[in-house]
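Beneath this line is the structure, given in structure tokens, with notes to follow.
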Amino acid sequence: MSLVWPAAYRVAFGILRDRGLAEDAAQEACASIARSLPDLKRSDVFRSWAYRIVVNRAISIGRKRRPEADLADVQAASHDDAVTRLDLFRALDHLPLKQRAIVVLHYYVGLNSGEIAAACEMPSSSIRFHLMMARRALRHALAVTESPTPKLNAKGFSHGL
């Protein structure tokens, strides 16, 4: 079970954005995985089966309580990295929980759309659609947080002055 915990926690934290809630979700998911493991008939589906349990538990907890972003990891980074991470965390917080789960499984875990489909119990085409919509929403949210840089003329002065 020790190999499952780190991945379960990372996925739960990516979805919930709160350390305490992520620990609860990952712990409950790992317990469920351990209890249900004897019933698993095919070992080749373990990975997607385990992620499905983690995602479902995290989404269930997330629906009950709105998590607050945990910024402890951001504080350790350089200022520019911290600002970028903070902007991304805030943008992720605006995604619906299911889309956030898909983004986490794709970008943080590295699953392909077929694996995510198995983990989320959705068709691959729906996964690709939600991933596209999430990317658009993230791009828009991150573009809004960027401060516009003034355009300078040939002499280095802003056109607005």
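The values are calculated or read from the model by the stated rules, or taken from the named source; none is laboratory data. Owing to the predicted nature of the structure, the values given are computational and were not obtained by experimental measurement. Cβ sites come from the backbone with ideal geometry, for glycine too, and all protein chains shown count toward neighbours.
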> Where residues in the stretch 27-59 are small (Gly, Ala, Ser) and more than 24 Å from Gly114 (Cβ to Cβ), which of them is farthest from the chain's Cα centre (by Cα)?
Replying inline: Ala34
>> Residue under question is Ala31, and the condition is that it be assigned to a helix (DSSP H, G or I) and either surrounded by 14 or more Cβ atoms within 10 Å (Cβ to Cβ) or in contact with a Leu (Cβ under 7 Å, 6 or more places away or on another chain) (or both); does it hold?
In response: no
> Which of the residues that make up the stretch 10-21 are of a type outside the set (D, E, K, R), in contact (Cβ under 8 Å) with a residue 60 or more places away in the chain and closer than 19 Å to Arg90 by Cβ?
Replying inline: Gly14, Ile15
> So which helices (runs of 4 or more DSSP H) stay within the stretch 53-150 end to end and still have 1 or more residues that are modelled with pLDDT under 85?
Replying inline: 72-75, 79-93, 124-145
>> So the check is Cβ under 6 Å with 6+ separation or different chains; which pairs have a first residue in the stretch 22-41 that's more than 12 Å from Val54 (Cβ to Cβ) and without any contact (Cβ under 8 Å) to a residue 12 or more places away in the chain and a second one that's among the aliphatic types (A, V, I, L, M) and loosely packed, with under 15 Cβ neighbours inside 10 Å?
In response: none
